[in-house]
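Working notes, structure below.
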Amino acid sequence: MISLVTASKGKTKLRDNVRARRLGMNLTQAGLADRSGVPLPTLRKFEQTGSISLEAFLKLLMVVGRDRRGDRGNGKSDGRICLDR
């Protein structure tokens, strides 16, 4: 099934996903910033607006992980980041 998502909606979903995962890991914004190497003001702006560079987003993703729906059932992720939540 193909799902089309607007850029604005996609940014919001990515932001919400990262924030939920951060909270699920019991990390503060400062803790995630420290672990990822993303400056705290950048992380704060991302959680407020959804705007972030690709490089900074990937650094955050390295810490919080990918969506489990990208798991093929064999414990290996296919690398997808789902936006349909």
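For segment 8-16, indicate whether the set of residues that are loosely packed, with under 12 Cβ neighbours inside 10 Å, out of contact with any Pro (no Cβ under 8 Å at 6 or more places or on another chain) and at pLDDT below 95 is non-empty. Steps first, please.
Here is the first cut: in segment 8-16, the ones loosely packed, with under 12 Cβ neighbours inside 10 Å are 8.
From the residues that got through so far, the ones that are out of contact with any Pro (no Cβ under 8 Å at 6 or more places or on another chain) too are 8.
Still in the running and at pLDDT below 95: 8.
There is at least one residue in segment 8-16 that is loosely packed, with under 12 Cβ neighbours inside 10 Å, out of contact with any Pro (no Cβ under 8 Å at 6 or more places or on another chain) and at pLDDT below 95.
With respect to (1) of a type outside the set (S, T, Y); (2) free of Cβ contacts under 8 Å to residues at least 60 places away in the same chain; (3) surrounded by 15 or more Cβ atoms within 10 Å (Cβ to Cβ), the lone exception for L23 is condition (3). Whenever a residue of segment 27-56 is surrounded by 18 or more Cβ atoms within 10 Å (Cβ to Cβ), its partners that are modelled with pLDDT under 95, lying with C-beta atoms within less than 6 angstrom and at least six residues away or across chains, give the pairs G50/K11; G50/T12.
Filter segment 1-58 for residues that are small (G, A, S) and outside any helix (DSSP H, G or I) and give the result. Can you show your working first?
Within segment 1-58, the first condition is being small (G, A, S), and the residues that meet it are 3, 7-8, 10, 20, 24, 30-31, 33, 36-37, 50-51, 53, 56.
S3, G37, G50, S51, S53 - these are the residues of segment 1-58 that are small (G, A, S) and outside any helix (DSSP H, G or I).
The values are calculated or read from the model by the stated rules, or taken from the named source; none is laboratory data. What you are looking at is a predicted structure, and each value in this text was computed from that prediction instead of being measured. Cβ coordinates were reconstructed from backbone atoms using ideal geometry, including for glycine residues, and neighbour counts include every protein chain displayed.
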